[in-house]
Structure formats: structure tokens, C-alpha cells
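Right, one structure below, let's go through it.
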Amino acid sequence: MHNSRIRVKVPASTANLGPGFDALGMALDLYAWIDMAVAEETTIELIGDQMKGLPTDKTNLVYKVAQMVFDAAGVSHPELSIAMYSDIPLTRGLGSSASAIVGALAGANALIGDKLTLQELFQIATRLEKHPDNVGASLFGGLVVAFWDGERAEYVRLEPDAHLEALVAIPAFQLSTEKARGVLPQQLSLREAVYNVGHASVLVAALATGNLGMIRHAMKDALHQPHRAALIPGMTEILEQADRHGALGAALSGAGPTMLALVDTRSDRKDELEAFLKSTFSRHGIEAKTLWLKPASAGVTTEPLAPGAPDLKAMLAVQGEVRA
Ligand code: HSE
């Protein structure tokens, strides 16, 4: 088992979906890959431009998280060969750090014969991220409804409606989660709390039952979006008007700055919606790229590679899995 190389494929995620702050996450079909093997000496290869500037020594997040798995399982593998590639843009609100954490946890666990359960990996991931929404979605796939009480995370996974897809508009600028959490107030009024409990509850029920028409009413938030709007020019307009341009509802994706619109796959207004998102950002001087994404039903997956199997770079080139 220890000689095998493990290949990990882990989906991106969108968190909050509006009112479900730190509670809702949905996996999206945009991926990161990690190859991991026990080695004589640690090497970390970052493939592609996306991860330029990330450390390639033992301070690398994937390396450090892998060591946490080995510690928790009581084994020792201080030297690892790691290669990674990601189509998930960094610090844009699509769960790139959660995907790295989950990918590292799953890869390291597979290397040692899955000594830890998925539940245990979820607990470690949530403790690292401090909220369960992105990591839950990347780990379990689908739509994850979760909470963390500071000690333990609990979740329920739902299968997103088959007619649901997402249009994301990804601004060219980065916004750190730390900064986007820093603008949030420490206290809310009872009225705001009731607003969010109601909207988040109805949103989950609508998504669980396929009541897509309810999304535009429920996908509203009084907890974080109003406070984050100042950081993302054009956001308020998108939130207020996206449903008039064919969206089922719109939200800030995670801590932003990416905006997410949920869309019925059968809609004939997709071009109109895409143009609306782009032109709104552009009018505010923000360059943004749009992507159509489907909810990813599968969470993180791992496969052992046979000796001599193509390395990650070769696999990506051959399979053409990579997004343009
Ligand atoms: N729920 C988190 C937030 C997701 O909105 O800050 C960001 O990682």
C-alpha cells in the first residue's frame, strides 16, 4: 500500500448560497487534482499558472494537512512526493483552500489504506477552515447543509435538483476570506436573525423538493451580503436584478468576489443572464470571466495508480480534462 501513488480529484464549491452563511455548500464541477506518494525526499510540483507563488517546501498546505492525517492515524511519512493542478481560481469564493485541504486529507488517508473515516476527515477539515460549508461540499459532493459548534461538525447531504445549474462571474481581483469576514458585524438584531433563519430554511426546503420557483424569494440574506457589498462593485445590482434576467436566484459565492446565479437548465435566457452579469461588472470597472457549472454529485475521489501510470501532467494533457 505504501508504495502506491494516489491520484485525488476534488471539486470546487460555492458556500452560503445567500442566507446559509457558514451552513450551506454545493460542490461544482470545476476540479483540482493532487498526486501523492510516499518518497525518499519531499518534492512538491505545482502545475499550471493557477498556483504560482504557493510554497513548494514543507510549509505547503497540502503537505501540512497530509501530515495531520498521518499524525491522527499514528503513522509516520515525513517525505512525500506531491504534484498538483487546479482549475479552481484562488481567493475568489469558489472554495480553493477547502479543495486543497480536502484533497490533501483524502490523498493522505488513501495512502495509508483509509485508516480515518470520512467523518473524521470532515472534523479535521472543518477545524482547519473554521466553517464546514466549503469543506463539506468538496468532501461529500452535492448540497451539504452543516453546522459547526466549535467542537463538532454535523451535516446532511442532499442531491441537488437535476435541473439546477450555476453561472458564476469571477472578477479578476482577489478577495481574501479574512478581509471579507473582517467587515461583518459581531452582532445582529433579532429581526435580522429571524430573516436569515427563515430564508435559509425555505431555501433548503426548496432545493430539497425541487421547488425551483421558490429560490428567488428564499435566496436573500441580511447577515453577510449587505456588509460585503462595499467590497464588490456591482454586487448589489446583480443581487437585485439577476432574477429579471433569467436567474432562479443570485448570491455572493462564499466570501466572494465571485457572484453565483442559479439557473434552470431548461432556461432559454442563459445568454441574456451571462451578458447581464458581465456588463454589470464591466460598468463598475470590474473585469470578470463567466463559467457555466453543474452541481457535482461526487465529492472527493481517490484512485491508486499502477507503477508506470502517466504522471499528473501527462494525464491532464491526454484527458483534456482541463478547462480553457
Ligand atoms: N461561509 C464562509 C464565508 C465561506 O462566507 O465567510 C468562505 O470561505
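Couple of notes before you dig in:
- Degrees between helix 61-73 axis and first principal axis of the chain (Cα, 0 to 90, nearest 10): 70
- Most mobile of 59, 14, 177 in a GNM of the chain (Cα contacts under 10 Å): 59
- Residue with peak Gaussian network fluctuation, the chain [Cα springs, cutoff 10 Å], from 249, 198, 182: 182
- Here the contact order of the stretch 164-293, divided by its residue count and restricted to Cα pairs under 8 Å and six or more residues apart, works out to 40 percent.
- Taking the chain as a Gaussian network of alpha-carbon nodes connected by springs under 10 Å, the highest mean-square fluctuation of the residues 263, 183, 38 belongs to 183.
- Seen against the Cα atoms of the chain and their longest principal axis, helix 96-111 is set at about 30 degrees.
- Taking 7 Å steps out from each Cα toward its Cβ at residue 149 and residue 173 produces label points 4.0 nm apart.
- Near residue 37, once Lys and Arg are set to +1 and Asp and Glu to -1 for all other residues with Cβ below 11 Å from its Cβ, the sum equals -2.
- Viscosity 1.002 mPa s, 20 °C: Kirkwood-radius Stokes-Einstein D of the chain over Cα pairs, µm²/s: 107
- Whole-number percent relative contact order across the stretch 26-115, with pairs defined as alpha carbons under 8 Å at least 6 apart: 43
- Each Lys and Arg adds +1 at its Cβ and each Asp and Glu adds -1 at its Cβ; summed about the Cα centre, the chain shows a dipole of about 520 debye.
- When the GluC sites (Glu not before Pro) in the stretch 111-178 are filtered for DSSP coil states and for at most 14 other beta-carbon atoms within 10 Å of their beta-carbon, the remaining sites are 151.
- Between residue 117 and residue 40, the modelled label-to-label distance comes to 4.0 nm, taking each label 7 Å out from Cα in the direction of the beta carbon.
- The chain, relative contact order in percent, only Cα pairs under 8 angstrom and at least six apart counted: 26
- Nearest-ten-degree value, helix 118-129 long axis tilted from longest Cα axis of the chain: 70
- Global form of the stretch 1-106, assessed from the alpha-carbon gyration tensor, a/c cut-off 1.5: prolate
Readers should treat all values here as calculations from the given coordinates under stated rules, not as data from a laboratory. From a predicted model like this one, the values you see are computed outputs, not experimental measurements. So basically every Cβ, Gly included, is an ideal-geometry build from the backbone, and we count neighbours across all protein chains shown.
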